[in-house]
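The structure under discussion appears below in the form of structure tokens.
Any read-out appearing in this document is the output of simple, stated calculations on the displayed coordinates, not a laboratory observation. Just so it is clear, the model here is predicted, and its values are computed rather than measured. Neighbour counts are summed over all protein chains in view; Cβ atoms, including those assigned to glycine, are modelled from backbone coordinates with ideal geometry.
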Amino acid sequence: MIYQRSSALFKEAQKVIPGGVNSPVRAFKAVGGDPIFVKEAKGAYLFDEDGNQLIDFIASWGPLILGHAYEPVINAVVAKAKKGTSFGMPTEIETHLAKLAVSMVPNIDKIRFVNSGTEACMSAVRLARGYTGKDKIIKFAGCYHGHSDSFLIQAGSGAVTFGSPNSPGVTQGTAKDTLLANYNDLVGVEELVKANEGEIAAIIIEPVAGNMGCIVPTDEFIQGLRKLCTEKGILLIFDEVMTGFRLGKGGAQEALGMDADILCFGKVIGGGLPVGAFASRAEIMSHLAPEGPVYQAGTLSGNPLAMAAGLAMLTELDNHPEVFESLAKKTEYLHEGFQKVLDKKGIAYQINRFGSMISVHFTDEPVVDFNSSAKGNNETFKKFFHGMLDQGIYLPPSAFESYFLNDALSYEDLDTTIAALDSLDL
Ligand code: PMP
């Protein structure tokens, strides 16, 4: 495929935008080459500036669970836009989306809308600190909770792809309140809690991790965290920015059969517009301003276009819960297809999958945490990524990312993708 125009646009962008992109992973640094500039998209397909058609496996990193330019979402946004784009005053649609989200997700009474997953996680931690009166939090190496200061400590996703999991600019004062544990290591967490008895406000976790590739928690680990938090008066925060409204109506809580104390959302809840949210029981949420003293705000929070997109998206999922099953089946089909091809090639690999989250790691060790994920062979990954891209398959441009399937993908698209892998010399 030819990417001349994309390369030219990238050069222009670099003159006025740092690195030419507004979010680092887009720059293709981990895999080399110039990023592709999108012109438009429909269903499962991207159409780039050079006229290439690509099968999309990232769906805007998750939000577009029903495919690009999904009619009910587009229609809702267009109709809303004609009536004004922002008021900074309450609108009825915010209550509609809040009621729908609260009805779909177990264990929450109230939800506050923000503009991104970063804001959701940052605000959830502030609320947890305000509610418990404690300062420290525990996060897991390789988990990514957005780019606010407290979380850029051994962070996953782009932060690790670009070699800055601990970003310059985060003060030591902030860093000291973020304690680090390893995913799937309950004993490590218990030791940390013991060493910081009475000082920990919250444990924040991606309940199925997607930012060091896809990593599934063991039952013992995730249920053990719940038990530990309950015993010690620590709030358990599930960062469901990826898992929320993707693993099922009730997200990871439903899929794992357990409750968290505060939930963070992003991606699907905004249907492709900038929306994040955090939610909890009424008693905890009552600590938020203006009801309580924990401050949190946003000029564009609850923006009517964003609410219209979110409401259209969640309404579709609420009315058609079979979508989750369909997506999980397609992901399983891809998994089995990749497995057959890679077995035939005799190459060391692991495929991790949970529902419609999946990732391929070129290592012979099981990938259960950040350290095992980091052992993946990046040279093989690069060949894999570019080999697939040359055949019109757009995969995440880093091994530290999960794929996000969308339901517009057909089995024929999946067969094309599996055949593309088969043709590669890895
Ligand atoms: N939490 C998780 C689990 C995420 O995957 C992401 C983004 N990929 C975020 C938080 C941050 O969301 P945003 O990029 O919308 O700020």
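Worth pointing out:
- Mean ellipticity per residue at 222 nm, deg cm²/dmol - from DSSP H runs of n ≥ 4 across the chain, formula -39500 (n - 2.57): -11500 deg cm²/dmol
- Here the translational diffusion coefficient of the chain follows from Stokes-Einstein with Rh set to the Kirkwood radius across Cα pairs; for 20 °C and 1.002 mPa s it amounts to 97 µm²/s.
- Under a model in which nothing but the beta-carbon of Lys, Arg (+1) and Asp, Glu (-1) is charged, the chain shows a dipole of about 960 debye around its Cα centre.
- Point-to-point label distance, GLN4-LYS83, nm (Cα→Cβ direction, 7 Å offset): 4.8
- Taken over segment 71-319, the alpha-carbon convex hull comes to 125 cubic angstrom per residue.
- Inter-label distance, nm, simple model (7 Å from Cα along the C-beta direction), ASN319/ALA69: 2.2
- Antiparallel bridges, percent of DSSP beta bridges restricted to segment 71-319 (to nearest 5): 40
- Packing order of peptides 149-159, 295-305, highest average first: 149-159, 295-305 (average count of other Cβ atoms within 10 Å over each peptide's residues).
- For LYS136, a cut-off of 21 angstrom between C-alpha atoms picks up these lysines, skipping any fewer than 8 places away in its own chain: LYS176, LYS194, LYS227, LYS232.
- Kyte-Doolittle mean at least -1.0 and Cα axial length at least 24 Å: DSSP H helices in the chain: 322-345
- Loop-resident sites, segment 364-421, for trypsin sites (Lys or Arg not before Pro), counting at most 16 other Cβ within 10 Å (DSSP): LYS375
- For the chain, share of DSSP beta bridges that run antiparallel, in % to the nearest 5: 60
- Here the Debye sum runs over all C-alpha atoms of segment 236-288 as equal scatterers in vacuum, and log10 of I(q)/I(0) at q = 0.19 Å⁻¹ comes out as -0.62.
- Cross-link reach list, lysines versus LYS11, counting only Cα pairs under 25 Å and skipping chain neighbours closer than eight places: LYS29, LYS39, LYS382, LYS383
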